[in-house]
Amino acid sequence: ASLARTPSAPASTARWRAPMSSYPGDDDHFALYIIMPFISGLIGYVTNVVALKMTFYPIEFKGIPLVRFKDQPFGLFGWQGIIPAKAGKMAAKSVDLMTEKLIDVKEVFSRLDPAKFTQAMEPGLLQMMNDIVDETSKELIPTIWSMLPIAVKGEVVLKAMEESPAFLNDFMEDVKENIYDVFDIKHMVVTNMERRKDLLNHVFLEVGKKEFTFIERSGFFFGFLFGAIQAVIWYFYQVRESIDAAWPRDPDAKVPKADAAVSLRRRSAVQGEWVLPVGGFIVGYATNFLALKCIFEPIEPRKFCGFTIHGLFLRRQQEVSAQFAELNSNKILTPKEMWTSILQGPKKEVFAQMLTRHTEMFVDNLAGVLRPLVIMYTGAPAFYRLKQKIALRTMEQLPDHIHLTYDYTKEALDMERTLREAMQGLSFTDFEGVLHPVFQEDELKLILVGAALGAAVGLFQLFVLFAFL
């Protein structure tokens, strides 16, 4: 079958008859063309899975950090997940969007009832003020304090316990009115996310769980589609090269022998080797690109051939809002984190000054009618130091008792309901604007990672799979 001439064939037609082995379908591996779409689908799936893994992991930089670039996942040499690498930047952007469209920090804190707050903290407050007054008096005015009858000391302690609720009530009113002076929500969130990058990952992975699953699975379907196109291009490229090898354009040229035809066909395969890696690059790029587009676009529902086309993430606005609110209120915007930020954050000095002012008034009220007598025996500077010392001790011991207010604070602020209802009430455009911009600028990195992986698998097809078969 591979002979170009036969005894019965006229010489004029013999030179135009191609060796049958040069026809695709005789000894070509048609199975390769059949499985190419499946391989491409597998490429799309694997590259999407790996690209998503590289988006979130590793949480810390892995490799040899000879050179690191700020807020970038790559370095010389190594990799860090895209989200963890930009934890601070993403958290800052998220808080900005949240405070612009979802919550008013002052309005939220205005829900605190100072009387109920004081009631929640009263057990710890009474003991704290009792200990502070007794210890401070022994330290700064030991003579006078030791000379006082036990009954008088008891009256002072009782007076302290009576004045403490009023002191804390007035103090909390001041905190509520000046919450922006003592609480930096952006600093709190950014600091916590930089310290707990795994928590930021958890929020994104939980809120976008269904969309990430879609990205992974769609990689196969989009990859299969592009693989079918890739197989057709590869097949007809081989056909063209085989025909060129079998039928020389010069009518006087001799028909190549079978082994020469095979050699030319192999050379034609080498000339067309660009199809597989380039096709892999396109598959990896396109599958990620199309998957991301399907998630966030179109923003508004559109009718097409009787079907409603709408971004997958936007369709789940009600569900996503509930998840986002629950995660934020239970993991990030918690009473513990907020009070820790107030007591230890960048505005702690303002808080301390506010507390000192109220503590000094508390001591004045505590001294009452005995204040002139105390000043006469101790001197005004000593009395002032007494007030300062009590304020300092109060600031030092407050963190040990503030946990008593966590349950009430969470109930009063009602952060979960506030975030959920605010997000559910947004228009589709505003809803997309709350979450999408947080990682929008890094979508290109996700797409390029998929493209690079696709090209690598294309090279594997060419030099390993096809060469072996």
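Given the condition more than 18 Å from residue 101 (Cβ to Cβ) and of a type in the set (S, T, N, Q), answer yes or no: does some residue in region 402-413 qualify?
Scanning region 402-413 turns up at least one residue that is more than 18 Å from residue 101 (Cβ to Cβ) and of a type in the set (S, T, N, Q).
Among (1) surrounded by 13 or more Cβ atoms within 10 Å (Cβ to Cβ); (2) at pLDDT below 85; (3) in a helix (DSSP H, G or I), where does residue 99 come up short?
Of (1) surrounded by 13 or more Cβ atoms within 10 Å (Cβ to Cβ); (2) at pLDDT below 85; (3) in a helix (DSSP H, G or I), only one is false for residue 99: (2).
All but one of (1) of a type in the set (D, E, K, R); (2) at pLDDT 55 or above; (3) part of a helix (DSSP H, G or I) hold for residue 267; state the number of the condition that does not hold.
Against the list (1) of a type in the set (D, E, K, R); (2) at pLDDT 55 or above; (3) part of a helix (DSSP H, G or I), residue 267 comes up short only on (2).
Before we move on, is residue 173 surrounded by fewer than 20 Cβ atoms within 10 Å (Cβ to Cβ) and closer than 30 Å to residue 447 by Cα?
Here the answer is no, as residue 173 does not meet what is asked.
I'd like the residue in region 321-337 that is open to solvent by 40 Å² or more (accessible area, probe 1.4 Å) and among the polar types (S, T, N, Q) and, out of all such residues, is farthest from the chain's Cα centre (by Cα).
330
Under 7 Å between Cβ atoms, at least 6 apart or on separate chains: pull out the pairs that start in region 103-127 with a residue that is in contact (Cβ under 8 Å) with a residue 40 or more places away in the chain and more than 24 Å from residue 186 (Cα to Cα) and end on any residue that is among the polar types (S, T, N, Q) and part of a helix (DSSP H, G or I).
114/169; 115/169; 117/405; 118/169; 120/405; 121/405; 125/164
Taking the residues in region 43-91 that are more than 19 Å from the chain's Cα centre (by Cα) and in a helix (DSSP H, G or I) as candidates, determine which candidate is farthest from residue 193 (Cα to Cα).
This residue is 43.
Do the conditions hold for residue 112, that is, is it open to solvent by 10 Å² or more (accessible area, probe 1.4 Å) and either out of contact with any Pro (no Cβ under 8 Å at 6 or more places or on another chain) or in a helix (DSSP H, G or I) (or both)?
No; evaluated as a whole, the condition is false for this residue.
Can you say whether residue 451 is in contact with a Lys or Arg (Cβ under 6 Å, 6 or more places away or on another chain), in a helix (DSSP H, G or I) and either surrounded by 17 or more Cβ atoms within 10 Å (Cβ to Cβ) or among the basic types (Lys, Arg) (or both), as far as the supplied structure shows?
Criteria not met by residue 451.
This table checks each residue for (1) closer than 17 Å to residue 190 by Cα; (2) modelled with pLDDT under 90; (3) open to solvent by 50 Å² or more (accessible area, probe 1.4 Å); (4) among the aromatic types (Phe, Trp, Tyr).
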{"residue": "55", "(1), (2), (3), (4)": "no, yes, no, no"}
{"residue": "67", "(1), (2), (3), (4)": "no, yes, yes, no"}
{"residue": "75", "(1), (2), (3), (4)": "no, yes, no, no"}
{"residue": "82", "(1), (2), (3), (4)": "yes, yes, no, no"}
{"residue": "92", "(1), (2), (3), (4)": "yes, yes, no, no"}
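Determine whether residue 318 is among the polar types (S, T, N, Q), in contact with a helix residue (DSSP H, G or I) (Cβ under 8 Å, 6 or more places away or on another chain), under 30 Å from residue 430 (Cα atoms) and open to solvent by 40 Å² or more (accessible area, probe 1.4 Å).
So residue 318 passes the test.
In region 370-410, which residue that is modelled with pLDDT of 80 or more and in contact with a Phe, Trp or Tyr (Cβ under 7 Å, 6 or more places away or on another chain) is farthest from residue 125 (Cα to Cα)?
Per the stated criteria, the residue is 408.
Among the residues of region 433-448, which ones are open to solvent by 30 Å² or more (accessible area, probe 1.4 Å) and at pLDDT 80 or above?
Residues satisfying the conditions are 444, 448.
Out of all the residues in region 380-403, which are open to solvent by 70 Å² or more (accessible area, probe 1.4 Å) and not acidic (Asp, Glu)?
Hits for region 380-403 are 381, 384, 385, 392, 403.
Any residue that is among the basic types (Lys, Arg) and not in a helix (DSSP H, G or I) - is there at least one of those in region 138-158?
Within region 138-158, not a single residue is among the basic types (Lys, Arg) and not in a helix (DSSP H, G or I).
The values are calculated or read from the model by the stated rules, or taken from the named source; none is laboratory data. Just so it is clear, the model here is predicted, and its values are computed rather than measured. Note: ideal-geometry Cβ built from the backbone for every residue, glycine included; neighbour counts use all protein chains shown. Accessible surface is based on the protein model in full, side chains and every heavy atom, while ligands, DNA and RNA are left aside. Shrake-Rupley method; radii C 1.70, N 1.55, O 1.52, S 1.80 Å.
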